[in-house]
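Data first, discussion second: the structure below is written as structure tokens.
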There are 2 protein chains.
Amino acid sequence: MRVSQLGEFGLISLVQEWTGSVASDPVAISPDTYRIDVDNGDDAAAATFLSSPVTELYTTDTMVEGIHFTSETTPWRDLGWKAIASNISDVAAMGGTPAFALVTLGLPADTLVDDIKELYAGMTEICREFGVRVIGGDMVRSPVGFITVALTGIASGRPMVRTAARPGHLVGVTGTVGGSAGGLRAMLREARDVGAAAGQLAIAHRRPRPHVAEGQILVANGIESAMDVSDGLADDLAKLCSASGVAAVVWADQVPADPALKSVFSEDWLDLALYGGEDYVLLFAAPPEVMSAVIDRLPGPAAIIGEITDGEAGAVTILDAEGNPRHRGGAGWDHFG
Amino acid sequence: MRVSQLGEFGLISLVQEWTGSVASDPVAISPDTYRIDVDNGDDAAAATFLSSPVTELYTTDTMVEGIHFTSETTPWRDLGWKAIASNISDVAAMGGTPAFALVTLGLPADTLVDDIKELYAGMTEICREFGVRVIGGDMVRSPVGFITVALTGIASGRPMVRTAARPGHLVGVTGTVGGSAGGLRAMLREARDVGAAAGQLAIAHRRPRPHVAEGQILVANGIESAMDVSDGLADDLAKLCSASGVAAVVWADQVPADPALKSVFSEDWLDLALYGGEDYVLLFAAPPEVMSAVIDRLPGPAAIIGEITDGEAGAVTILDAEGNPRHRGGAGWDHFG
């Protein structure tokens, strides 16, 4: 069987079978000296050395040229920003604070040094803003360009996980969705969409701002289940539901679409909002009383968009304003599809 | 200017200029809460949260298909082993113990799932043996296969660095060199070298054993300057010298070449030992009295092979048994050359 037939998520679940806990030899670290708070399979892993009061978070994310970005729609500087942003977002999804980054670049030999400089300028901008420090990395020759970032973070409170959503919980998002996908589409058909709204969307695509502050508000207010929206609101909610063994309903008219979306894409703005990807807002689930308290403490666009239900694990039903199931207009994103 | 003209090390030093310390915003981690013990540019970075007694190590290393490995000479299972081994070796070079790994795979869509299973089998073998736990990762589609591992570790004692070699220090290695390069070459011309010695070399290439125990012996015995041998003994010594602002002399007849090398490569065994790469032993420098004490505590093949001198930073002179400079038979390894 080939990877393309199995799909990304099939492969990930096989890998989780193949790995798992390990024994140790005399010079190895003793498993008695640390605790794995959150294992492989969530936005980030969390581990605590028992001699330390600090719980650390660990995540990694990769972008490959031609698959996750092209130089036409993502200039080098923005690529640097985004490569770090997607990792910060994973730490934000755990309610943590980002700390140290390792940056790996795979570069064709004819890459311009000025382009690499731009890439680092973008990384440095976002690192400065979010207090991340690049402490290492690797640079290798590769026929295709890629950038892999590994990021650590510090948990503030108990890390939020994908596995804690329960029937009866409400579902919230910390900000607007669809802007990044709309920006990408606006850039790809630039000639037709040159207005200010299209420009705003392009910025949403090229400079996403991870919701670190929002994640900390969530965890401080008792939220236990969250993840970030990187592959699209509906798909990511399906993953959260799958991890928790529950289903969900989304009220489409409650979804906070990026305000510029409707004016640029009057027909399919809702599909972009539901399935777009790279939004880097946080999706979370909580009992109604917890939800209503936290939603007031979050910045403006945060919204309650649905509820967790019994049902087939991972099944997400989108309901329109009349309560009728809404069919999907676009295709999901599978890294190996 | 293109990356190929600048070379790997030129690029790395530019990147060190472009990055560096960062400011922070209200939700960011405060720079007052941690200390960077070893920054970007060594085998691994080291950092300590001030509230914790644990100093952590962070490193990452990447292998790209067709550049760092081919399926002909490195079966998938061995590739899994080696991808983790090179990272463990970086932690060993700091005198640390490896802890947690993040594994990123870039895979062409037609990759066989059974091959990935083999890859993880090799990773699991070495993780089990060295007490490493895979706690996360990423899998992405890519036109070219690659594997990036990020590894954390725990420092035992003060991390050894590349920058602490001083004129008058002696230079030691913790084990034999050249076996991996010899194994690669033996496999590439298999028809001629099918003896047991060639088989031993192939194992050295496919299953290198990082020197974690040796690194801990070094740090426990007061060694302050070390690195691992991944790009070849002479080249890596040049890097250590460059980082310390010193030069070095190597006594070629003291270099512990892999015992199988001479029988398989009677002519250029010494070039393989000096310039081969992927040996994953440790190279270290120390004052003579420290060196003589530690060398007796290391396993058999460890040897004193030269000395640190004044001179052009990074200049390494190889002397033959008669004390005459020896000229290099092979080319060094530059990732962008």
In this structure, does B:ALA150 turn out to be buried (at least 21 other Cβ atoms within 10 Å of the Cβ), modelled with pLDDT of 95 or more and either farther than 30 Å from B:GLY314 by Cα or at the interface with chain A (Cβ under 7 Å from one of its Cβ atoms) (or both)? yes
Do we have any residue at all in segment B:127-140 that's within 7 Å of another protein chain (Cβ to nearest Cβ), in a strand (DSSP E or B) and touching a His at 6+ places or on another chain (Cβ under 6 Å)? yes
Looking at segment B:117-125, can you tell me whether even one residue there is within 15 Å of B:THR97 (Cα to Cα) and either assigned to a helix (DSSP H, G or I) or more than 7 Å from every other protein chain (Cβ to nearest Cβ) (or both)? no
Here is a list: B:SER52, B:SER89, B:SER13. Which entry is in a helix (DSSP H, G or I) and within 23 Å of A:TYR34 (Cβ to Cβ)? B:SER89
Taking B:ALA202 as the residue in question, decide whether it is free of Cβ contacts under 8 Å to residues at least 40 places away in the same chain and either crowded, with 19+ Cβ neighbours inside 10 Å or not assigned by TED's automatic domain parsing to the domain that holds B:ALA315 (or both). yes
Among residues belonging to segment B:176-229 that are within 19 Å of B:PRO299 (Cβ to Cβ) and among the polar types (S, T, N, Q), point out the one that is modelled with the lowest pLDDT. B:GLN200
Residue selected from segment A:206-228 under the condition more than 14 Å from chain B (Cβ to nearest Cβ) and in a loop (DSSP other than H, G, I, E, B), by the criterion nearest to the chain's Cα centre (by Cα): A:PRO208
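On the basis of being at pLDDT 95 or above and part of a strand (DSSP E or B), does A:VAL64 make the cut? Quick ask: steps written out before the conclusion?
Details: at pLDDT 95 or above: yes; part of a strand (DSSP E or B): yes.
Yes, satisfied.
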Closer than 14 Å to B:GLY145 by Cβ and at pLDDT 95 or above: which single residue out of B:ALA101, B:ALA83, B:ALA109 fits that description? B:ALA83
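Considering each of A:TYR58, A:TYR34 in turn, give the residue that is facing another protein chain (nearest Cβ under 9 Å) and over 20 Å from the mean Cα position of the chain (by Cα).
Values: A:TYR58 fails: over 20 Å from the mean Cα position of the chain (by Cα).
Selected residue: A:TYR34, the only one of A:TYR58, A:TYR34 that is facing another protein chain (nearest Cβ under 9 Å) and over 20 Å from the mean Cα position of the chain (by Cα).
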Checking the structure you have, find out if any residue of segment B:104-115 is touching a residue at least 60 places away in the same chain (Cβ under 8 Å) and either over 30 Å from B:LEU240 (Cβ atoms) or outside any helix (DSSP H, G or I) (or both). no
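Within the bounds of segment B:30-48, is there any residue that is under 30 Å from B:ALA198 (Cβ atoms), surrounded by 24 or more Cβ atoms within 10 Å (Cβ to Cβ) and assigned by TED's automatic domain parsing to the domain that holds B:PHE146?
Start the filter on segment B:30-48 by keeping residues that are under 30 Å from B:ALA198 (Cβ atoms), which leaves none.
No, the conditions are met nowhere in segment B:30-48.
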Could you identify the single residue in B:ALA252, B:ALA248, B:ALA234 that is among the hydrophobic types (A, V, I, L, M, F, W, C), at pLDDT 95 or above and touching a Cys at 6+ places or on another chain (Cβ under 7 Å)? B:ALA248
I'd like the full set of residues that are out of contact with any Pro (no Cβ under 9 Å at 6 or more places or on another chain), in a strand (DSSP E or B) and under 17 Å from A:ALA47 (Cα atoms), limited to segment A:150-179. A:ALA150, A:ALA155, A:VAL161
Could you say whether any residue in segment A:51-64 is surrounded by fewer than 22 Cβ atoms within 10 Å (Cβ to Cβ), within 30 Å of B:GLU118 (Cα to Cα), in contact with a Phe, Trp or Tyr (Cβ under 6 Å, 6 or more places away or on another chain) and not small (Gly, Ala, Ser)? yes
Inside segment B:244-337, counting only helices (runs of 4 or more DSSP H) that do not spill past its ends, which hold 1 or more residues that are under 18 Å from B:SER225 (Cα atoms), in contact with a helix residue (DSSP H, G or I) (Cβ under 8 Å, 6 or more places away or on another chain) and not assigned by TED's automatic domain parsing to the domain that holds B:ALA85? B:288-297
Name, by its number, the condition in (1) surrounded by fewer than 24 Cβ atoms within 10 Å (Cβ to Cβ); (2) in contact with a strand residue (DSSP E or B) (Cβ under 8 Å, 6 or more places away or on another chain); (3) in contact (Cβ under 8 Å) with a residue 60 or more places away in the chain that does not hold for B:GLN254. (3)
Condition check for B:PRO53: modelled with pLDDT under 95, assigned by TED's automatic domain parsing to the domain that holds B:THR97 and farther than 23 Å from A:THR60 by Cβ: yes
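The values are calculated or read from the model by the stated rules, or taken from the named source; none is laboratory data. If you're wondering where the values come from, they're calculated on a predicted model, not measured in any experiment. Glycine gets a Cβ as well: all are built from the backbone with ideal geometry, and neighbour counts include every protein chain shown.
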